[in-house]
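Worksheet for the structure shown next.
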Amino acid sequence: MNIATIGVEDWLNVWEKSATYDIAQSTISSMTMDEILALDEHEGADFYERLGREKMNYGWIEGSPEFKVEVSKLYRSVDPDNILQTNGATGANLLALLALVEPGDHVIAEYPTYQPLYEIPRTLGAEVEYWHIRQEHGWNPDVEELKRLVRPDTKLICINNASNPLGTVLSADMLEEIVEIARSVGAYVLSDEVYLPLEDTESYRSMADLYERAVVTNSLSKTYSVPGARIGWTVSNKELADRFRVYRDYTMICDGVFNDALAVHVLRNKEKVLDRNRAIVENNLAIAQAWVDGEPRVSWVAPKAVSTSYIQLDIPIDDERFCIDLLRDYGVLLVPGSRFELPCGARLGYCAAETTLREGLDRLSRALRRFD
């Protein structure tokens, strides 16, 4: 199988360890193990009490009952038995696409966005058509374009809500329209939902609660600040969950007893995590907005209180060359927009630690001054 390199992962694999000021990542400032343990207000006693009783065998192959129950609480109407634990959202997306897509299938994918959502179906032999995200629509797609793309034989529609790297969120009304279009031809919808908006959360809708043929993928890595746990999940109907179980046995077996216990601990204390992260997002978004407002060579569509964003750069060189020079000369890491097939710009991970963000933006401004 010959599959394209994931542009953003290739970039980070090469450059991220060279950075002094990493403002490229899309996780809300990762928690330390001490912070995670302190969530139970007993310095981790609850976590370690449970862990101490566990044997270090394979554990619950598709996630413990406690894990499934905690994940089900993130949705309005999900059966815990149809939740399958995976190796991050990356593993969840791979699992779903391997099980759903066959050679010759017609797949519609939001574009540009997280690359595996269209490259994996293409590699599996599908005919992939792009549902374009457009700058003139505030980096949102146009539902009328989706209506033109869909066919009687459309198998799958892939969306990323919120968008990586743009930080835009599909409204509940648009999600309902996507469901109506998908249902009209019996298509599945794969919705990668690793970025939860941390403002106006009551109006945010998961595709899992809207459509009986939805597959939702998510993880602890972005909104919950624990990418080191490598825990994700799929949510689907029973028929799909049973199909996923077969493929899952080929790809991972289990996530491990320790990681499962850590995930349960984080999810049981999710309100504390979300309160922490909401404060980080609100504070850092204000810092980033003030910087954009004062930087003549930068513009953006502000993200909807999610941890990733995209800035456009008014510079006379290509964004990849600029980002390499920025890292070499100023120690600042961004991901060039070209790695997402976006116009000249960069992914800005504005939810880094505040001191890192402020210094990184200051150095980025100094790098841009050479073009004045």
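The values are calculated or read from the model by the stated rules, or taken from the named source; none is laboratory data. Since the model is a prediction, treat every value here as computed from it, not as a measurement. We place every Cβ from the backbone using ideal geometry, glycine too, and count neighbours over all the protein chains shown. Each accessible area value is taken on the protein alone, full model and side chains, heavy atoms only, with ligands, DNA and RNA left out. Shrake-Rupley method; radii C 1.70, N 1.55, O 1.52, S 1.80 Å.
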Failed criterion for residue 188 (all others in (1) open to solvent by 10 Å² or more (accessible area, probe 1.4 Å); (2) of a type in the set (Ser, Thr, Tyr); (3) free of Cβ contacts under 8 Å to residues at least 60 places away in the same chain hold):
(3)
Restricting to segment 334-353, name every residue that is aliphatic (A, V, I, L, M), under 20 Å from residue 139 (Cβ atoms) and either touching a helix residue (DSSP H, G or I) at 6+ places or on another chain (Cβ under 8 Å) or surrounded by 24 or more Cβ atoms within 10 Å (Cβ to Cβ) (or both).
334, 335, 346, 348
Considering each residue of segment 125-151, count those that are out of contact with any strand residue (DSSP E or B) (no Cβ under 9 Å at 6 or more places or on another chain) and either closer than 16 Å to residue 190 by Cβ or open to solvent by 30 Å² or more (accessible area, probe 1.4 Å) (or both), and give that number.
6
How about segment 52-92: which of its residues are under 24 Å from the mean Cα position of the chain (by Cα), surrounded by fewer than 19 Cβ atoms within 10 Å (Cβ to Cβ) and acidic (Asp, Glu)?
66, 79, 81
So, residue 245, is that one in contact (Cβ under 8 Å) with a residue 40 or more places away in the chain, of a type in the set (Lys, Arg) and either farther than 21 Å from residue 272 by Cβ or surrounded by fewer than 18 Cβ atoms within 10 Å (Cβ to Cβ) (or both) or not?
yes
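Among the candidates 27, 20, single out the residue that is closer than 30 Å to residue 354 by Cβ, β-branched (Val, Ile, Thr), open to solvent by 70 Å² or more (accessible area, probe 1.4 Å) and touching a helix residue (DSSP H, G or I) at 6+ places or on another chain (Cβ under 9 Å). Step through it out loud before you land on a result.
Working: 27 fails: open to solvent by 70 Å² or more (accessible area, probe 1.4 Å).
Going through 27, 20 in turn, the sole match is 20.
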Flagged pairs (Cβ under 7 angstrom, 6 or more apart or on separate chains; first in segment 272-286, within 25 Å of residue 361 (Cβ to Cβ); second open to solvent by 60 Å² or more (accessible area, probe 1.4 Å) and at pLDDT 95 or above) are 283/354; 284/354
What is the residue count in segment 318-355 for residues that are more than 24 Å from the chain's Cα centre (by Cα), touching a residue at least 40 places away in the same chain (Cβ under 8 Å) and farther than 16 Å from residue 17 by Cα?
1
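Out of 103, 121, which single residue is out of contact with any helix residue (DSSP H, G or I) (no Cβ under 7 Å at 6 or more places or on another chain) and either surrounded by fewer than 18 Cβ atoms within 10 Å (Cβ to Cβ) or in contact (Cβ under 8 Å) with a residue 12 or more places away in the chain (or both)?
Details: 121 fails: out of contact with any helix residue (DSSP H, G or I) (no Cβ under 7 Å at 6 or more places or on another chain).
Answer to the check: 103.
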Pick from 301, 235: which is open to solvent by less than 20 Å² (accessible area, probe 1.4 Å) and either at pLDDT 95 or above or in contact with a Ser or Thr (Cβ under 9 Å, 6 or more places away or on another chain) (or both)?
235
Can you name the condition, by its number, that residue 278 falls short on among (1) closer than 14 Å to residue 71 by Cβ; (2) open to solvent by 10 Å² or more (accessible area, probe 1.4 Å)?
(1)
Is it the case that segment 203-217 has a residue that's at pLDDT below 95 and either within 15 Å of the chain's Cα centre (by Cα) or closer than 21 Å to residue 351 by Cα (or both)?
yes
Go through the residues of segment 325-333 one by one and say whether even a single one is more than 29 Å from residue 160 (Cα to Cα), in contact with a helix residue (DSSP H, G or I) (Cβ under 7 Å, 6 or more places away or on another chain), hydroxyl-bearing (Ser, Thr, Tyr) and open to solvent by 50 Å² or more (accessible area, probe 1.4 Å).
yes
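Look at residue 171 and say whether it is surrounded by fewer than 24 Cβ atoms within 10 Å (Cβ to Cβ), among the hydroxyl-bearing types (Ser, Thr, Tyr) and out of contact with any helix residue (DSSP H, G or I) (no Cβ under 7 Å at 6 or more places or on another chain). Lay out the reasoning, then the answer.
Details: surrounded by fewer than 24 Cβ atoms within 10 Å (Cβ to Cβ): yes; among the hydroxyl-bearing types (Ser, Thr, Tyr): yes; out of contact with any helix residue (DSSP H, G or I) (no Cβ under 7 Å at 6 or more places or on another chain): yes.
Spelling it out, residue 171 is indeed surrounded by fewer than 24 Cβ atoms within 10 Å (Cβ to Cβ), among the hydroxyl-bearing types (Ser, Thr, Tyr) and out of contact with any helix residue (DSSP H, G or I) (no Cβ under 7 Å at 6 or more places or on another chain).
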